[in-house]
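The values are calculated or read from the model by the stated rules, or taken from the named source; none is laboratory data. These numbers come from a predicted model, not from an experiment. Every residue, glycine as well, gets a Cβ built from its backbone with ideal geometry; the counts of neighbours run over all protein chains shown.
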Amino acid sequence: MTLGVVVGKFLPPHRGHSYLIESAQQGCDEVLVIVCARSDDLIPAPLRAGMLRELHPGATVVVSPDDIPDDRGDDTSRAWAQRTRELSSACSGRSADLVYSSEAYGPRYAHFLGARHVSVDPDRVRFPVSGTAVRRDPWGQAEFLAPCVRAWFVSRIVVLGAESTGTTTLCQDLSVHYGCPWVPEYGRTYCERRPGPIRWRTADFIHIASGQLTDEDAAARACGPLLICDTDALATSVWHERYLGHRSAAVERLAADRRYALHILTADDIPFVQDGTRDGEHIRGWMTQRLREVLAASGRGWLEVRGSRAERLDAAVRAIDALGPPQYARIQYARRRRPPRGTPPPCDE
């Protein structure tokens, strides 16, 4: 039985990393992947570890603090070798036999670990990609990213509002303008499938919020750099408050774990249209004001759009176009490529 070790930041995981881990899996009975973690990492280490577990279910993936000073010499390699012994002992009850890497430090690190070094494509010929290149231009390197990784870089725009305030219309208009997909409101479908009046319970709203997020995440794996979302778990938490008269910590936890580039609130300044399922115009004012309060308290970026259909679209487009590099909106990419709806060709995983 042989144990191979692969260590790195995987920031983010890309096709070169997968090739490295696959090489280790082909040459070893067991593979331990160590994800180095710092508090200021662009992508939190637990998320990167989760991506690697999904891509390489046969490997054991652990997270380790990246707290060893880097002198690019023996001291650093010796310290990481000791850290690796501790981790491999805890996970497998034994020490590593082989170290797989594409880096110059690999042989030195393997020496102090008492393992044999296996160099894998050090010149990046097989897969010409690096974490630095991906972080600089994620959509320019998208061919080297698996769907679960690309989804993290998608700029998600949420459109939310009270009933009959034009949220779905704005989502559709933004989808056409940018040539990107949009995620319909899960709660509406849920209500339409329920016969007769609904006796609302907290479990209903947890289900609705979870369903909305599941649909959103599935769409993010299949789309380009921009995704429009018709409502989110934050809005669902307000609907819980409206129907049950109190807040739900469970629904709010679902909302708190999400990251979005922008929230767009549709104002209640257009005529109310009854479609047979809506509560009525009397609740729109309260709902709109409550959403304003919740968005303001959340600390998230948001704006309120008002006026005609064209005016709302114009205001939303200006706000989305103004998003900076931290959101990786890359709107010009979306306009240039105009990806068709549906799943793009998968990465070579």
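Remarks
- Flag for Val125 being out of contact with any helix residue (DSSP H, G or I) (no Cβ under 6 Å at 6 or more places or on another chain) and surrounded by 19 or more Cβ atoms within 10 Å (Cβ to Cβ): no
- There is at least one residue in the range 307-321 that is of a type in the set (Ser, Thr, Tyr), assigned by TED's automatic domain parsing to the domain that holds Glu216, modelled with pLDDT of 60 or more and more than 30 Å from Ala146 (Cβ to Cβ).
- Only a single criterion out of (1) touching a His at 6+ places or on another chain (Cβ under 9 Å); (2) surrounded by fewer than 17 Cβ atoms within 10 Å (Cβ to Cβ); (3) within 30 Å of Val273 (Cβ to Cβ) is not satisfied by Val158, namely (2).
- Residue check, Arg124 of a type in the set (Lys, Arg) and at negative phi: no
- If you go through the range 52-74 and keep only what is free of Cβ contacts under 8 Å to residues at least 60 places away in the same chain and part of a helix (DSSP H, G or I), you end up with Leu52, Arg53, Asp74.
- Residue ID - nearest to Pro225 (Cα to Cα), chosen from residues in the range 171-198 that are of a type in the set (Ser, Thr, Tyr) and at pLDDT 95 or above: Ser175
- Residue in the range 210-218 that is over 13 Å from Gly161 (Cβ atoms), surrounded by 21 or more Cβ atoms within 10 Å (Cβ to Cβ) and of a type in the set (S, T, N, Q) present: yes
Residue-by-condition table, conditions (1) within 22 Å of the chain's Cα centre (by Cα); (2) surrounded by 15 or more Cβ atoms within 10 Å (Cβ to Cβ); (3) in the same structural domain as Gln172 (by TED's automatic domain parsing):
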residue	(1), (2), (3)
Thr236	yes, yes, yes
Leu244	no, no, yes
Asp268	no, yes, yes
Ala297	no, no, yes
Glu304	no, yes, yes
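- Scoring Val120 on the criteria (1) in contact with a strand residue (DSSP E or B) (Cβ under 6 Å, 6 or more places away or on another chain); (2) surrounded by fewer than 17 Cβ atoms within 10 Å (Cβ to Cβ); (3) of a type in the set (A, V, I, L, M) leaves a single failure, condition (2).
- Residue check for Ile331: within 14 Å of Gly161 (Cβ to Cβ), in the same structural domain as Leu262 (by TED's automatic domain parsing) and modelled with pLDDT under 90: no
- Residue match in the range 187-208 (condition: assigned to a helix (DSSP H, G or I) and under 19 Å from the mean Cα position of the chain (by Cα)): no
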